[in-house]
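First up is the structure itself, then whatever we jot down about it.
The values are calculated or read from the model by the stated rules, or taken from the named source; none is laboratory data. Worth saying up front: this structure is predicted, and the values here are computed from it rather than measured. Note that we place each Cβ from the backbone using ideal geometry, even for glycine, and neighbour counts take in every protein chain shown. Side chains are part of the model used for accessible areas, which takes the heavy atoms of the whole protein and leaves out ligands, DNA and RNA. Shrake-Rupley method; radii C 1.70, N 1.55, O 1.52, S 1.80 Å.
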Amino acid sequence: MPFIIGTSIPEDKVLVQSVSHIYGIGLSQSKILCKKAGFGSDSRGSHVTFAKGKNLENLAEATPLPLGADLRRFKNDKIRRLCVISTYRGLRHRKGLPVRGQRTHTNAKKRPLLKLNVS
C-alpha cells in the first residue's frame, strides 16, 4: 500500500478516488495529478510502483497550496488565533456553537466540541 503525503493509497480503489483522500486535494485536482503522472482513468492503487508513487508525490507537493498535515496545522492555527484574541468567531468556536450565523433556536444544540488548548 503506497503512501503519498502521509496518506495511504488503497490498492483496490480507483487511483483518482484514492488520491482525493489526501487532505486538501479534491477530485478535480486528483484527476489532473493522475493525468500528469501518467496514470489512466481506470488505474488502481495496485498499479502504483515506488517510482511512479514518488513522481505523483512530487507533483502533488509542487502545487502552491499546503496539503495534508501542513493544511490541518494552518487551519487549526487560524482558529486558535481567533480564540486567543477573543473575537466573536473565536468565542463561538470555543463554545462549540455555529460560527457563521446559523440559527441556534432549534438546531445546533449538540454540535461536537472542537477541543483546542487555548489559555
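Within the set of pairs 6 or more residues apart or between chains, which connect a residue that is in a loop (DSSP other than H, G, I, E, B) inside the range 88-99 to a residue that is hydrophobic (A, V, I, L, M, F, W, C) with Cβ atoms less than 6 Å apart?
Pairs that qualify, where the first residue is in a loop (DSSP other than H, G, I, E, B) and the partner is hydrophobic (A, V, I, L, M, F, W, C), are GLY96/LEU113; PRO98/ALA108.
Please enumerate the residues belonging to the range 42-67 that are in contact (Cβ under 8 Å) with a residue 40 or more places away in the chain and under 22 Å from ASP12 (Cβ atoms). Lay out the reasoning, then the answer.
Filtering the range 42-67 down to residues in contact (Cβ under 8 Å) with a residue 40 or more places away in the chain leaves 45, 48, 50, 53, 56-57, 60-61, 65-67.
If the condition is that a residue be in contact (Cβ under 8 Å) with a residue 40 or more places away in the chain and under 22 Å from ASP12 (Cβ atoms), then GLY45, VAL48, PHE50, GLY53, LEU56, GLU57, ALA60 are the ones that fit.
Do you know which residues across the range 21-48 are open to solvent by less than 30 Å² (accessible area, probe 1.4 Å) and either of a type in the set (A, V, I, L, M) or not in a helix (DSSP H, G or I) (or both)?
Within the range 21-48, the first condition is being open to solvent by less than 30 Å² (accessible area, probe 1.4 Å), and the residues that meet it are 22, 25, 30, 33-34, 37, 39, 43, 45, 48.
Across the range 21-48, the qualifying residues are ILE22, ILE25, LEU33, ALA37, PHE39, SER43, VAL48.
Please enumerate the residues belonging to the range 1-13 that are open to solvent by 50 Å² or more (accessible area, probe 1.4 Å) and either without any contact (Cβ under 8 Å) to a residue 24 or more places away in the chain or in a strand (DSSP E or B) (or both). Reasoning before the result, please.
So in the range 1-13, the residues open to solvent by 50 Å² or more (accessible area, probe 1.4 Å) come out as 1, 3, 6, 11-13.
If the condition is that a residue be open to solvent by 50 Å² or more (accessible area, probe 1.4 Å) and either without any contact (Cβ under 8 Å) to a residue 24 or more places away in the chain or in a strand (DSSP E or B) (or both), then PHE3 is the only one that fits.
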